Amino acid sequence: MKTVDLVVPCCNEGQVLERFFRETSEAAESISGYEFRFIFVDDGSTDDTLKIVQDLAERHACVRYISFSRNFGKEAGIYAGLKNSRSDLTVVMDADLQHPPALLAPMIQAVEEGYDSCSARRVSREGEPMIRSFFARCFYRLINAMTDVDMVDGAVDYRIMTRQMVEAVLSLSEIQRFSKGIFAWVGFKTKWVEFKNVERLEGESKWSFWKLFKYAVEGITAFTTVPLRFASILGLVASLSSFLLMLYEFIKSVAYGVDVKGYPSTLIMLLLIGGIMIMSSGILGEYVARMYMETKRRPIYIEKTSNIHIKDSLNNKM
Ligand code: UDP
Ligand code: MG
């Protein structure tokens, strides 16, 4: 029998976890020929998430968990789960039931058909604030125009991968991880299944607008250095135009003499160049900051408790 690990990052999901486990297990049981295991990654929850997970682990042999020492973010959760999975196929999915367990069957089917991976894509963004959908769309346009990895609009982090692809994803060892980009970057043949956006059952989304903005900047800086070139080009255009303007002013003053007019244009140029300079160093700063964080080589997450080694050693004895 082939094994499938379900990696589930959870942050304050106490309210839905039992139901998530029930519904996902039901969906998994209807798929024959595969043995499913859960790897819950408790990402520094402040509610009873860990207790519920430990409870589940006691009652069900298929439940494994890792609990972080604090909140490290969903990306770290995904990484920890993947790192601890040993299965033939690995699935990454959310705990809030926004990723329909019913899609597990077609996803496995896709792998059987010969795909290395199958990922879900939302075709509607119902239940999401308009402004958020708008910025999301802008982000995908921008990142696809600037990078050579193809990121699909509406793609969610609900994906099945073969062992080979999981190893490839783990081989990208950057600390500031942007999974959507990493999944696209490693390549492999991916099938997309579409689904309608499901509203969150309980609890609330952990994403604020500011968090999403930071996520977008991270995604762009992680996969392309085009903004740096953009900054240089902008600087070049600005200095060239100010040089031309200087030439023009010089000829004008020689021909017609000097007057005190021209304050507005001077101010405008000053502001323009100042703005471009600040923006350019800001863009540069984003990359320097990334380099700084990466050179520290800090661990991606810190584990506090886990039952993975215990369960694995039990399994080996059996
Ligand atoms: N999550 C996490 N750490 C965080 C934030 C979120 O592990 O710091 C988990 C969360 O428990 C859920 C998944 O990531 O299983 C998606 O989070 P959420 O539903 O808040 O995001 P959205 O669905 O709104 O994109
Ligand atoms: Mg959600």
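The values are calculated or read from the model by the stated rules, or taken from the named source; none is laboratory data. Treat the numbers as computed from the prediction; the structure is a model and nothing was measured. Methodologically, a virtual Cβ is constructed for each residue, glycine included, from the backbone with ideal geometry; neighbour enumeration extends over all protein chains shown. Just the protein is used for accessible areas: all its heavy atoms, side chains included, with ligands, DNA and RNA removed. Shrake-Rupley method; radii C 1.70, N 1.55, O 1.52, S 1.80 Å.
Below are the figures for this structure:
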quantity	calculated
Hits in the stretch 234-253 - residues which are of a type outside the set (Asp, Glu) and open to solvent by less than 100 Å² (accessible area, probe 1.4 Å)	Leu234, Gly235, Val237, Ala238, Ser239, Ser241, Ser242, Leu245, Leu247, Lys252, Ser253
Helices (runs of 4 or more DSSP H) contained entirely in the stretch 179-259, each with at least 2 residues that are under 30 Å from Asp96 (Cβ atoms)	179-185, 209-223
Total residues in the stretch 169-199, condition touching a strand residue (DSSP E or B) at 6+ places or on another chain (Cβ under 9 Å) and of a type in the set (Gly, Ala, Ser)	2
Contacts under 8 angstrom Cβ, first residue in the stretch 64-80 being assigned to a helix (DSSP H, G or I) and open to solvent by 30 Å² or more (accessible area, probe 1.4 Å), partner within 16 Å of ligand 2 (Cβ to nearest atom) and not hydroxyl-bearing (Ser, Thr, Tyr), 6 or more apart	Lys74/Pro9; Lys74/Cys11; Lys74/Asp43; Lys74/Asp157; Lys74/Lys206
Evaluation of Ser179 against (1) away from ligand 1 (no atom under 16 Å from the Cβ); (2) polar (S, T, N, Q); (3) modelled with pLDDT of 85 or more (one fails), failing number	(1)
Residue tally, condition more than 16 Å from Val91 (Cα to Cα) and either surrounded by 15 or more Cβ atoms within 10 Å (Cβ to Cβ) or at pLDDT 85 or above (or both), over the stretch 187-196	3
Ile31, sole failed condition from (1) of a type outside the set (S, T, N, Q); (2) part of a loop (DSSP other than H, G, I, E, B); (3) open to solvent by less than 10 Å² (accessible area, probe 1.4 Å); (4) more than 25 Å from Ile302 (Cα to Cα)	(3)
Test result for Asp157, within 16 Å of ligand 2 (Cβ to nearest atom) and either more than 25 Å from Asp96 (Cβ to Cβ) or under 13 Å from the mean Cα position of the chain (by Cα) (or both)	yes
Pairs with Cβ under 8 Å, 6+ apart, first in the stretch 98-116 and on the phi > 0 side of the Ramachandran plot, second away from ligand 1 (no atom under 16 Å from the Cβ)	Gly114/Lys189
Complete set of residues in the stretch 41-63 that are open to solvent by 80 Å² or more (accessible area, probe 1.4 Å), part of a helix (DSSP H, G or I) and over 19 Å from His309 (Cα atoms)	none
The stretch 100-128: number of residues that are outside any loop (DSSP other than H, G, I, E, B) and open to solvent by 70 Å² or more (accessible area, probe 1.4 Å)	3
Residue list for the stretch 129-181, restricted to those being open to solvent by less than 20 Å² (accessible area, probe 1.4 Å), among the basic types (Lys, Arg) and touching an Asp or Glu at 6+ places or on another chain (Cβ under 9 Å)	Arg177
Members of the stretch 22-51 found to be under 24 Å from Arg70 (Cβ atoms) and either among the aromatic types (Phe, Trp, Tyr) or more than 26 Å from the chain's Cα centre (by Cα) (or both), listed by number	Phe38, Phe40, Lys51
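Conditions tested, residue by residue: (1) assigned to a helix (DSSP H, G or I); (2) within 21 Å of the chain's Cα centre (by Cα); (3) at pLDDT 80 or above.
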{"site": "Ser281", "(1), (2), (3)": "yes, no, yes"}
{"site": "Tyr287", "(1), (2), (3)": "yes, yes, yes"}
{"site": "Met291", "(1), (2), (3)": "yes, yes, yes"}
{"site": "Glu294", "(1), (2), (3)": "yes, yes, yes"}
{"site": "Arg297", "(1), (2), (3)": "no, yes, yes"}
{"site": "Lys311", "(1), (2), (3)": "yes, no, no"}
